[in-house]
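Everything below concerns the one structure shown next.
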Amino acid sequence: MTIKLWDLTGAEDDRRFSPHCWRIKMALRHKGLEVEEIPWHFTEKEAIKASGQGAVPVIEDQGQTLYDSWTIANYLDEAYPDRPLLFSGEEAKTLTFFLKHWIERSLHGPFFRLIVLDIEKQLHEKDKAYYRSSREKRLGMTLEAFAGDPEQRRAALRAALDPLRPVLAETAFLSGRAPGFADYLLIAEFQWARAVSPVKLLEADDPIAAWRERVMDLFGGYARSAVGYPV
Ligand SMILES: N[C@@H](CCC(=O)N[C@@H](CS)C(=O)NCC(=O)O)C(=O)O
């Protein structure tokens, strides 16, 4: 049975920029499950009300509605244990849980600062005022004040990414020899940026850039073929 996924989009239906949805889109390809990706805009809360909250990813599978990317990833391994696993075992799951929180607390902010204004430009007209007011309320300042100087922000992101470099200089994937959910957590941040912003995030000789190429090549170049700017 086809899994339904509500996936955030911009003015164009195929500009899919949600990092949390990218985690799940990669996870679904990893598991080889069939998916119908339904374009969704920030203000279309009604369409996902069965989930009892207002954020995506939301999936519908076998009569169940689920939300939250971590919950969904765990569900996919539990519901489809015979398909390739996203977590190779308890230890991998715990370390990946750490990575999720490190990404959310230490990386997501520097990415967001760099692309916060580019996101707004790509949104559907009906989402623009909601995006600005909800984010400015959360940040306690205007989007412009939060964005600050782009060169400084780029340097701050490159510095924030630093703990990944010694790891990715030695191993093909964050999950080891083969990719897993850890890799999808990280590629999701880069796919978010690439979908909305032309800014060059990494130098060509950065080990993270080589890893990004490898992950973008997975599943027949699925991530690479998404609408966005070249990296
Ligand atoms: N913890 C959630 C976060 C989901 C989330 O924040 N999704 C954003 C899109 S990336 C969203 O739908 N926001 C709705 C809104 O801002 O109204 C997860 O990992 O799934």
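For this structure, a couple of remarks:
- The listed residues are Leu107, Leu76, and the only one of them that is touching a residue at least 60 places away in the same chain (Cβ under 8 Å), away from the ligand (no atom under 13 Å from the Cβ) and crowded, with 17+ Cβ neighbours inside 10 Å turns out to be Leu107.
- Test for Thr96: is it near the ligand (Cβ under 9 Å from one of its atoms), outside any loop (DSSP other than H, G, I, E, B) and out of contact with any His (no Cβ under 9 Å at 6 or more places or on another chain): no
- When Glu91 is tested against (1) surrounded by 15 or more Cβ atoms within 10 Å (Cβ to Cβ); (2) without any contact (Cβ under 8 Å) to a residue 12 or more places away in the chain; (3) away from the ligand (no atom under 16 Å from the Cβ), only condition (1) is not met.
- Residues satisfying the stated conditions in segment 44-62, i.e. within 13 Å of the ligand (Cβ to nearest atom) and either modelled with pLDDT under 95 or polar (S, T, N, Q) (or both): Ser51, Gln53
- Leading residue by the ranking (surrounded by the fewest Cβ atoms within 10 Å (Cβ to Cβ)) among those in segment 1-24 that are in contact with a strand residue (DSSP E or B) (Cβ under 7 Å, 6 or more places away or on another chain) and part of a helix (DSSP H, G or I): Cys21
- Of the residues examined, Tyr130 is not one that is over 19 Å from the mean Cα position of the chain (by Cα) and more than 12 Å from the ligand (Cβ to nearest atom).
- Counting only helices (runs of 4 or more DSSP H) that sit wholly inside segment 120-230, those with at least 2 residues that are under 19 Å from Leu86 (Cα atoms) are 181-196, 207-221.
- Residue count for segment 207-224, restricted to those that are within 23 Å of Glu37 (Cα to Cα) and touching a strand residue (DSSP E or B) at 6+ places or on another chain (Cβ under 8 Å): 1
The values are calculated or read from the model by the stated rules, or taken from the named source; none is laboratory data. These numbers come from a predicted model, not from an experiment. Neighbour counts run over all protein chains shown; Cβ positions are idealised from the backbone, glycine included.
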